[in-house]
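This report refers to the structure that appears directly beneath it.
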Amino acid sequence: MGEHGFSGKSTSEIVDITYRQLDYWARTDLVKPSLTQAKGSGSRREYSYRDLLELKVIKSLLDAGINLKQIRKVFTYVRKDLGEDIATANLVIDGSRSVLVNTGAELVDILQNGQGVLNVLPLAAVKDKVDARIVEMFPERSAVIDSPIPRAVGEA
């Protein structure tokens, strides 16, 4: 059975961003809809559940004061490691690098050894917010949040 996608309008509401932000991020290749991309006037983008999680991570980072240029660098790194274990990971960002941390002990080590950590984003909280919003808006799709998170197209 194929994955049910989310329209641009629904995606922007679930993630709590404007449609204009969503459109800009798609046009500038920050997060392109992985199910259906816009192909001319009147066509509809269709976002996957994984896309929603990535968009919510971006929104959370923006809310934490991290600029879009740095977020683009973060996502170059995170995309290859952001997978099924999203609910157990923390994203740690300092001035020059990004680290995806999977255990509490690793997180403590990084925080103790790092100078000037800008942000620690518990990805479980991001997933929980997206899941709650989907259930609120689309109760019939609650099964989507119980299934494993598929890798992006082209990922191993």
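The values are calculated or read from the model by the stated rules, or taken from the named source; none is laboratory data. Here the structure is a predicted model, which is why all the values come from computation and not from measurement. As a convention, Cβ positions derive from the backbone with ideal geometry for all residues, glycine included, and neighbour counts pool all protein chains shown.
Data for the structure
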read-out: Sole exception among (1) touching a strand residue (DSSP E or B) at 6+ places or on another chain (Cβ under 9 Å); (2) buried (at least 20 other Cβ atoms within 10 Å of the Cβ); (3) at pLDDT 65 or above for Ile58, by number; value: (1)
read-out: Verdict on Arg79 being in a helix (DSSP H, G or I), at pLDDT 65 or above and either on the phi > 0 side of the Ramachandran plot or surrounded by 14 or more Cβ atoms within 10 Å (Cβ to Cβ) (or both); value: yes
read-out: Residue, modelled with the highest pLDDT, within segment 24-49, restricted to residues that are of a type outside the set (A, V, I, L, M), closer than 21 Å to Val126 by Cα and in contact with a Lys or Arg (Cβ under 8 Å, 6 or more places away or on another chain); value: Pro33
read-out: Pick from segment 102-144, criterion over 16 Å from Ser48 (Cβ atoms) and assigned to a loop (DSSP other than H, G, I, E, B), ranking: modelled with the highest pLDDT; value: Asn102
read-out: Odd one out for Ser96 among (1) part of a loop (DSSP other than H, G, I, E, B); (2) over 16 Å from the mean Cα position of the chain (by Cα); (3) modelled with pLDDT of 65 or more; value: (3)
